[in-house]
Structures are given as C-alpha cells and as structure tokens.
C-alpha cells in the first residue's frame with residue numbers, strides 16, 4: 001500500500017467515527033506525532049476506569065463538570 005492509499009484509508013476510517021471515538025483517536029495521533037505516546041499507564045487500567053476517565057474528560061470539555069474550587073470549598077465547609 002503506498003502513502004496516498006494509506007492516507008485515504010485512514011481518512012475513511014476516521015471519517016466514520018462517532019464523536020467520542022474521534023476525540024480519542026485525535027488524542028492518540030497527536031501524542032504519537034509529538035512522541036508522547038505514553039499510554040502504558042492508561043492501558044493498564046480496567047476498562048471501567050478507562051471509560052470513567054474518558055467520560056470525565058468529555059464532561060469537562062463540554063463544560064458539564066463542576067469547577068474544582070467549588071468542590072474544594074464544599075468539602076472545606078463540610079469538614080471544618
């Protein structure tokens with residue numbers, strides 16, 4: 001397979017991904033390009049933990065998460 005065919009095949013595969021998988025693929029590719037392909041720790045997590053982290057990232061990226069300061073302030077009030 002030559003370079004053009006490989007690029008086309010990659011494009012077609014990526015073009016059909018749902019949004020959450022597309023974001024994951026983007027992160028993997030970006031890390032690979034930047035030579036930061038350090039996924040060993042993530043890969044060693046259970047599937048449930050991996051999914052939980054990915055869901056949390058999605059929530060934060062879509063502004064659905066709760067600000068860290070609010071959480072800390074709530075705990076301080078609760079346990080002081």
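The values are calculated or read from the model by the stated rules, or taken from the named source; none is laboratory data. Quick caveat: nothing in here was measured; it's all calculated off a predicted structure. Quick reminder, even Gly has a Cβ in these numbers, built from the backbone with ideal geometry, and neighbours come from all protein chains shown.
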All but one of (1) surrounded by 12 or more Cβ atoms within 10 Å (Cβ to Cβ); (2) not in a helix (DSSP H, G or I) hold for residue 1, so report the exception by its number.
(1)
Within the range 6-14, is there a residue that is within 16 Å of the chain's Cα centre (by Cα), on the phi < 0 side of the Ramachandran plot and modelled with pLDDT of 85 or more?
yes
Quick one: in the range 34-47, of everything that is loosely packed, with under 10 Cβ neighbours inside 10 Å and in a helix (DSSP H, G or I), which residue is modelled with the highest pLDDT?
47
If I filter the range 48-56 for residues that are at pLDDT below 90, farther than 23 Å from residue 68 by Cβ and exposed (fewer than 11 other Cβ atoms within 10 Å of the Cβ), do I get at least one hit?
no
Pairs, please: C-beta under 8 Å, at least 6 apart or cross-chain, first residue closer than 30 Å to residue 57 by Cα and in the range 1-19, second loosely packed, with under 10 Cβ neighbours inside 10 Å?
9/1
When you check residue 31 against the structure, is it under 16 Å from residue 21 (Cβ atoms), within 14 Å of the chain's Cα centre (by Cα) and modelled with pLDDT under 85, yes or no?
yes
